[in-house]
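The values are calculated or read from the model by the stated rules, or taken from the named source; none is laboratory data. A quick note: this is a predicted structure, and the numbers were derived from the prediction, not measured. Glycine also receives a Cβ, built like all others from the backbone with ideal geometry; neighbour counts cover every protein chain displayed.
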Amino acid sequence: MPILSNLSSATLFELGKDAIIIADADSGKILEANNNAQQLCGLDLHQLRQLKLADIHRDDFQSALEAAASDEDSIETEEALVCEILNQSGFNAICEIQFHRVEQDGRTLLIEIARDITERVRASEEINLRNVAIASFAGGVSIADARQPDLPLIYINRGFEELTGYKAKEAIGRSCRFLQGADRNQEGLKVLRDALKKGESCVVRLRNYRKDGGLFHNELHISPVHNEQGELTHFVGLQIDVTERVRNRDLLTRSERRYRLLADSIEDLITRRTRDDQLEFVSSAAETMLGIQAGDWAGRSYMERVHPDDREACADQTRRVFETGDPATIRLRLRHEDGSYVWIESTESLSEALEDGGEPLLVSVSRDITRQKQAEEEIRQALEKERELNEIKTRFISMVSHEFRTPMTSIKASTALLRDFGERLSEDKKTRHHNNITSALKRMNQMLDDVLFVGRSESGHVRFAPIPLKINAYCRELIESMEFIDDNPRIDFSSDLDDNAEFPLDENLLNHIFQNLLGNALKYSATAFPVRFSIRKDGSELIFEISDQGIGIPKAAQKRLFEAFYRAENVGVTQGTGLGLSIALRSIELHGGKLEFSSEEGIGTTFVVRFPTSPANTSTTEPQS
Ligand code: ADP
């Protein structure tokens, strides 16, 4: 016989949200289940009829089920049970369950009505969790009713009680104002009142007082809460005790003030800068050291004052100190306001940042070492000069021992011959020996003259006495006299100038110049090659050019050519004192002129002498003797 025999009970069976399952009370076998029950279990009626009631509930339900099945006195369980109904998908539903026992046709039926309360349970669990979280939060949490005048507190957590010393029963119903005591004139209060009036959130720091009167610094975070209609209903407040932080900051500010006072009272420049080169502090020594007001430099870049050549080293040291934390010293130049550079020696180390959680700062203590640097430079120059003088002395001694030996040997030999065999020598031979002696003496004399000339010109004792000189004629005569000695005419002379062209020149100095330059060109080139000597006028310059196709001057020797007694290594046995070019250069400079040259080893050399033609351009070096 069908269990749901009439239409009304069958309709009721399917109506509503509840799941209904009918089972045999004795065997527990499932007989009927409505659609809701089938969905709840994830099984169709046919599948459910294969199971017993116990099969679709969690194990811990067994005893409740047995009680319900055997309880002959009651027809239904008094209280709704809460238990899980097993679902095939694994997502079990938490249900509120009630049993009804019905006698039908001599057998007992058990009707289970189950209501799915999973969502409700989960939501309340979540709320519980939040409540626990709020209650156990170490800071203070409070909720004020925004719809009542004076915003009375309706909730405070344990943190609030601990922070303020007030219990919930003492605080609830009161405005939070009681925490300020009589201390009403606070900057933060204005901000707070304004935010509350506008229903906005805010963060303020307030001086608040505990129940025992103790001061604490309260960082108060206020957030408004609105209902679904958008109406402002509550304010949630979060109170954080920042007393320690404020106290530390005060201490830091005080020690900072002392630090600045100290830093400003010493001569050394003290700066403090961030890792990205922002000056956070500059002591007043900046004014005396760099001519800049400390306040004008603070807040700007430190590096902008560092000499461009020292920036890399400075950046390297900054990086190293920040990375290792070890102090380091550096010497560098800082720009003074007047554009000059000041040498400083700077010791840099790390200090703690002023603000909580900020980065450490680089402290530089810098001493002006410009004077020390100058003294070092003077010593370096003096040593360099001494080294040069020593070198000149060595070269002089070597020159004298080489260049004086030949004429002296020649004199010695000729005088010995004349003394021992004079009577037996022919007049001709005697004359040759006398000439030998004379030319050797002349050569030695010339060498001494050259040495003296360099000495005199260095001390400014060489006279510059220009007279109008017909330059073509002068050059021809000079060449003739040189070729007379050499008796191998190979100077190829050319001039763009008129034979009557005259220039104010010092003939004596000109001799020094051209005898040396032409002499060198002849001396350092093979006799087969001509030496070209030309004159031209270019604008306001009188230009002489002497070029040869000789041994040339090695690159390394070229920059030292004008040093006294200096000779290039490729001269071989060619005689020379290393003085000719110094003499020529000094003589040219006395004319206000310039000497240039170009040379390639093994190819040849060209010397160019440039004289200014207008007297205004000529040197006015005054003779001193
Ligand atoms: P020196 O008496 O040695 O010739 P100088 O002062 O006249 O001294 O020249 C210095 C050096 O310059 C020479 O020793 C030589 O090495 C080099 N020098 C000068 N002129 C020439 C030139 N025309 N060709 C090659 N080398 C030259």
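Please tell me if Ser426 is at pLDDT 85 or above, surrounded by 12 or more Cβ atoms within 10 Å (Cβ to Cβ) and among the small types (Gly, Ala, Ser).
Spelling it out, it is not the case that Ser426 is at pLDDT 85 or above, surrounded by 12 or more Cβ atoms within 10 Å (Cβ to Cβ) and among the small types (Gly, Ala, Ser).
Quick check on this structure: which one of Glu78, Glu84, Glu66 is modelled with pLDDT of 80 or more and either more than 30 Å from Leu238 (Cβ to Cβ) or in a helix (DSSP H, G or I) (or both)?
Criteria check complete, one pass: Glu84.
Within 13 Å of the ligand (Cβ to nearest atom) and not polar (S, T, N, Q): does that describe Arg536?
Against the criterion (within 13 Å of the ligand (Cβ to nearest atom) and not polar (S, T, N, Q)), Arg536 does not qualify.
When the residues of the range 582-601 are narrowed to those that are within 10 Å of the ligand (Cβ to nearest atom) and more than 51 Å from the chain's Cα centre (by Cα), which ends up farthest from Arg443 (Cα to Cα)?
Ala584
Being basic (Lys, Arg) and modelled with pLDDT under 90 narrows it down to one of Arg395, Arg380, Arg432, Arg419, so name that one.
On inspection, the qualifying residue turns out to be Arg395.
Looking only at the range 575-594, decide whether some residue is closer than 23 Å to Glu458 by Cα, in contact with a helix residue (DSSP H, G or I) (Cβ under 9 Å, 6 or more places away or on another chain) and part of a strand (DSSP E or B).
Among the residues of the range 575-594, at least one is closer than 23 Å to Glu458 by Cα, in contact with a helix residue (DSSP H, G or I) (Cβ under 9 Å, 6 or more places away or on another chain) and part of a strand (DSSP E or B), which makes the answer yes.
Residue by residue through the range 298-312, note down the ones that are surrounded by 14 or more Cβ atoms within 10 Å (Cβ to Cβ), of a type outside the set (Val, Ile, Thr) and at pLDDT 95 or above.
Tyr302, Met303, Arg305, His307, Asp310
Counting only residues that are more than 23 Å from Gly578 (Cα to Cα) and acidic (Asp, Glu), how many does the range 391-440 have?
4
Give me the residue from the range 553-569 that is closer than 17 Å to Leu595 by Cβ and among the charged types (D, E, K, R) and, out of that set, farthest from the chain's Cα centre (by Cα).
That would be Glu563.
Which of the residues belonging to the range 602-616 are of a type in the set (Val, Ile, Thr), within 13 Å of the ligand (Cβ to nearest atom) and in a loop (DSSP other than H, G, I, E, B)?
Ile603
For Val571, all conditions in the list (1) near the ligand (Cβ under 9 Å from one of its atoms); (2) closer than 22 Å to Pro612 by Cα hold save one; what is the number of the exception?
Of (1) near the ligand (Cβ under 9 Å from one of its atoms); (2) closer than 22 Å to Pro612 by Cα, only one is false for Val571: (2).
Looking only at residues in the range 533-551 that are modelled with pLDDT of 95 or more, touching a helix residue (DSSP H, G or I) at 6+ places or on another chain (Cβ under 8 Å) and not in a strand (DSSP E or B), which one is nearest to Phe514 (Cα to Cα)?
It comes out as Gly550.
Would the range 466-481 turn up any residue that is under 30 Å from Ile397 (Cβ atoms) and surrounded by 13 or more Cβ atoms within 10 Å (Cβ to Cβ)?
Within the range 466-481, none of the residues are under 30 Å from Ile397 (Cβ atoms) and surrounded by 13 or more Cβ atoms within 10 Å (Cβ to Cβ).
Yes or no: the range 495-518 includes at least one residue that is within 12 Å of the ligand (Cβ to nearest atom), buried (at least 17 other Cβ atoms within 10 Å of the Cβ) and in a loop (DSSP other than H, G, I, E, B).
No; the residues of the range 495-518 include none that is within 12 Å of the ligand (Cβ to nearest atom), buried (at least 17 other Cβ atoms within 10 Å of the Cβ) and in a loop (DSSP other than H, G, I, E, B).
Restricting the range 542-568 to residues that are among the charged types (D, E, K, R) and near the ligand (Cβ under 8 Å from one of its atoms), which is nearest to Ser494 (Cα to Cα)?
Residue satisfying both the conditions and the ranking: Asp548.
Might you let me know whether the range 538-550 holds any residue that is loosely packed, with under 15 Cβ neighbours inside 10 Å and either among the aromatic types (Phe, Trp, Tyr) or free of Cβ contacts under 8 Å to residues at least 40 places away in the same chain (or both)?
Checked the range 538-550: at least one residue is loosely packed, with under 15 Cβ neighbours inside 10 Å and either among the aromatic types (Phe, Trp, Tyr) or free of Cβ contacts under 8 Å to residues at least 40 places away in the same chain (or both).
Answer yes or no: is there a residue in the range 601-608 that is modelled with pLDDT of 95 or more, surrounded by 15 or more Cβ atoms within 10 Å (Cβ to Cβ), under 16 Å from Gly519 (Cα atoms) and of a type in the set (Ser, Thr, Tyr).
Yes, the conditions are met somewhere in the range 601-608.
Is there a residue in the range 327-349 that is touching a Gly at 6+ places or on another chain (Cβ under 9 Å), within 28 Å of Arg258 (Cα to Cα) and without any contact (Cβ under 8 Å) to a residue 40 or more places away in the chain?
Yes - at least one qualifying residue is present in the range 327-349.
If Phe235 meets every condition in (1) without any contact (Cβ under 8 Å) to a residue 60 or more places away in the chain; (2) under 30 Å from Leu179 (Cα atoms) apart from one, which number is that one?
Phe235 satisfies all of (1) without any contact (Cβ under 8 Å) to a residue 60 or more places away in the chain; (2) under 30 Å from Leu179 (Cα atoms) except (1).
Is it the case that some residue within the range 396-417 is exposed (fewer than 15 other Cβ atoms within 10 Å of the Cβ) and of a type in the set (Asp, Glu)?
Within the range 396-417 (the criterion being exposed (fewer than 15 other Cβ atoms within 10 Å of the Cβ) and of a type in the set (Asp, Glu)), the answer is no, since none of the residues qualifies.
Looking at the range 260-271, can you tell me whether even one residue there is closer than 30 Å to Glu161 by Cα and without any contact (Cβ under 8 Å) to a residue 24 or more places away in the chain?
no
Just a yes or no: is a residue in the range 90-105 farther than 25 Å from Leu43 by Cα, out of contact with any Phe, Trp or Tyr (no Cβ under 9 Å at 6 or more places or on another chain), among the hydrophobic types (A, V, I, L, M, F, W, C) and exposed (fewer than 12 other Cβ atoms within 10 Å of the Cβ)?
no
Is it the case that the range 280-289 has a residue that's within 22 Å of Arg207 (Cβ to Cβ) and more than 24 Å from the chain's Cα centre (by Cα)?
No, the range 280-289 has no match at all.
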